[in-house]
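> What follows is a single structure, and I will ask about it in a moment.
The values are calculated or read from the model by the stated rules, or taken from the named source; none is laboratory data. This is a predicted model, so every value here is computed, not measured. Ideal geometry is used to build each Cβ from the backbone, glycine not excepted, and the neighbour counts take in all protein chains shown. All accessible areas refer to the heavy atoms of the entire protein, side chains included, with ligands and DNA or RNA removed. Shrake-Rupley method; radii C 1.70, N 1.55, O 1.52, S 1.80 Å.
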Amino acid sequence: MGGKDVLVETRDLTKRYGTRIVAVDRVSLTVRRGEVYGFLGPNGAGKTTTMRMLLGLIRPTSGAASVLGRAPGHPESLARVGALVEAPALYPYLSGLDNLRVIARYAGVPEGRIAAALEKVGLTDRSRDRFATYSLGMKQRLGIAAALLKDPELLILDEPTNGLDPAGMVDIRDLIRSLGSGERTVLLSSHMLGEVEQICDRVGVISRGRLIAESTVEELRGKGALLVVAKPLEHARQRAEQLLGAERVEVHDRTLRLDADPATAGQINRELVGAGIEVAELRPMERTLEEAFLAMTDQKGESNVG
């Protein structure tokens, strides 16, 4: 499976519970070296189950997966993977520093790496405080520090900003962006479109256990469109339909939305003005990732996607 630049690959990965529940349904995805890959989907879509299979924590019912060239859970690949799946399970009455010492000993990692991990996540000043006194955002950062102790090639983070306040979300997003800026590869899951849009290079969209799209954020949005504010509006609509076809022209909130390449804006502007139409505004507009996601999943009633 995959070449040297493919760190994670799955083919038809499936997990069933009993005969009726299909948590993950024939998922095929590829994570490449040096990218931040966002695994996007609503709660319950199968993201955590997929990540658990990639880490060897649960066995797939069928299909295949490769992580750093090995089967999931293989000791050689696990030695090069750092992971935070769901909330970090650390000792509440130990300090952040002592928790990392325990993890380092268990993982066979030199304690000399602890200081660098704490500095990376911004917890050096609070490292001697008990874990129980940490805010939720600090707990998440300590969990990421634990995942960094092995200096991993691949970092797997499951919903890293889940439950955080806006400030905590910004901190974690900035941290992940910095972690993914070098040679390290990051695979993160999220149900938050804004998070994925801001920090990920590529996105895999999962819904009801199935991967329904895998591409860059820009490609998922699709090609751009043009927004036109013009008077008289009806005259502008008729002229635009003559130029582009009626199926590519839409009137919305007293504006025209044209399904047209933004590079043609100048030409369209000249045509409208030449027809005696007053053009007050003509600018490119692009579909947001949220609009693309809702169109793909047809889940406009999902309140947990934001």
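> With a Cα-only, solvent-free Debye model of the stretch 223-286, what are the log10 I(q)/I(0) values at q = 0.20, 0.22, 0.26 Å⁻¹?
Computed log10 I(q)/I(0) values: -0.64, -0.80, -1.18.
> Once you keep just the Cα pairs under 8 angstrom separated by 6 or more residues, what percentage relative contact order results for the chain?
Numbers: 585 pairs, mean separation 61.1, N = 306.
It comes to 20 percent, rounded to a whole number.
> For every helix of n ≥ 4 consecutive DSSP H residues, a contribution of -39,500 (n - 2.57) applies; sum these over the chain, divide by its total residues, and give [θ] at 222 nm rounded to the nearest 500 deg cm²/dmol. Before the final figure, lay out each step's value.
Working: 11 runs with 101 residues, N = 306.
Value at 222 nm, helices only, nearest 500: -9500 deg cm²/dmol.
> I'd like to know which of I176, V203, V229 lies farthest towards the positive end of the charge dipole of the stretch 170-261, counting +1 on Cβ of Lys and Arg and -1 on Cβ of Asp and Glu.
Of I176, V203, V229, it is V229.
> First measure r as the distance between the Cβ atoms of V229 and D174, then evaluate 1/(1 + (r/R0)^6) with R0 = 35 Å and state the FRET efficiency to the nearest 0.05.
On the way: r = 37 Å, r/R0 = 1.05.
The formula returns an efficiency of 0.45 here.
> Then there is this: Report the relative contact order of the stretch 223-286, percent, no decimals, based on alpha-carbon pairs under 8 angstrom and at least 6 residues apart.
Numbers: 109 pairs, mean separation 33.0, N = 64.
It comes to 52 percent, rounded to a whole number.
> GNM, the chain, Cα, under 10 Å: largest mean-square fluctuation among M192, M285, M51?
M285
> Which whole-number percentage describes the relative contact order of the stretch 37-145, with Cα contacts under 8 Å and a sequence gap of 6 or more? Numbers along the way, then the final one.
Values: 94 pairs, mean separation 24.8, N = 109.
Answer for the stretch 37-145 is 23 percent.
> Report, to the nearest 10°, how far helix 265-274 tilts away from the longest principal axis of the Cα atoms in the chain, using its own Cα long axis and a range of 0 to 90°.
20 degrees
> Give the angle, between 0 and 90 degrees and rounded to the nearest 10, that separates the Cα long axis of helix 96-107 from the longest principal axis of the Cα atoms of the chain.
Relative to the chain, helix 96-107 is tipped by roughly 80 degrees.
> What percentage of the solvent-accessible surface of the stretch 223-286, computed with a 1.4 Å probe over protein heavy atoms, is contributed by carbon and sulfur atoms? Intermediate results must be reported in sequence, preceding the final value.
Numbers: 1780 of 3860 Å².
C and S fraction of accessible area: 46 percent.
> Roughly what would the spin-label model give for R26 and D259, points 7 Å off Cα along C-beta, in nm?
About 2.8 nm, to one decimal.
> Calculate the dipole size of the chain relative to its Cα centre from +1 charges on Lys and Arg beta carbons and -1 charges on Asp and Glu beta carbons; express the result in debye to the nearest 20.
Numbers: 41 positive and 41 negative charges, 218 e Å.
Magnitude of the dipole: close to 1040 debye.
> Out of A240, L272, M285, whose Cα points farthest toward the positive end of the dipole of the stretch 223-286 (charges: +1 Lys, Arg; -1 Asp, Glu; placed on Cβ)?
L272
> Suppose R0 equals 35 Å; then what is the FRET efficiency for E250 and A213 from their Cβ-Cβ distance, rounded to the nearest 0.05?
On the way: r = 24 Å, r/R0 = 0.68.
FRET efficiency, E250 to A213: 0.90.
> While we're here: Whole angstrom only: what separates the Cα centroid of the stretch 259-274 from the Cα centroid of the stretch 151-210?
38 Å
> Cut-off 10 angstrom, C-alpha nodes, Gaussian network model of the chain. Which of G41, G274, G108 fluctuates the most?
In this elastic network of the chain, the residue with the biggest mean-square fluctuation among G41, G274, G108 is G274.
> In whole percent, how big is the carbon plus sulfur part of the accessible area of the stretch 98-159, probe 1.4 Å, protein atoms only?
47 percent
> So how long is each side of the chain along the principal axes, counting just the alpha-carbon atoms, biggest first, in Å?
Projected onto its principal axes, the Cα set of the chain covers 77, 48, 36 Å.
> Among D98, D253, D174, which one shows the highest mean-square fluctuation when the chain is modelled as a Gaussian network with alpha-carbon springs under 10 Å?
Residue with maximal mean-square fluctuation among D98, D253, D174: D253.
> About its Cα centre, what dipole magnitude does the stretch 223-286 give when the only charges are +1 on Lys and Arg Cβ and -1 on Asp and Glu Cβ, stated in debye to the nearest 20?
Values: 9 positive and 11 negative charges, 24 e Å.
That gives the stretch 223-286 a dipole magnitude of about 120 debye.
> Moving on to the next point. Among DSSP beta bridges whose residues both lie in the stretch 6-220, state the antiparallel percentage, nearest 5. Before the final figure, lay out each step's value.
Values: 20 of 38 bridges.
Here the antiparallel bridges make up roughly 55 percent for the stretch 6-220.
> Could you check how much of the accessible area of the stretch 1-82 is carbon and sulfur, as a whole percent, using a 1.4 Å probe? Walk me through the intermediate numbers first.
Values: 1850 of 3930 Å².
Its accessible area is 47 percent carbon and sulfur atoms.
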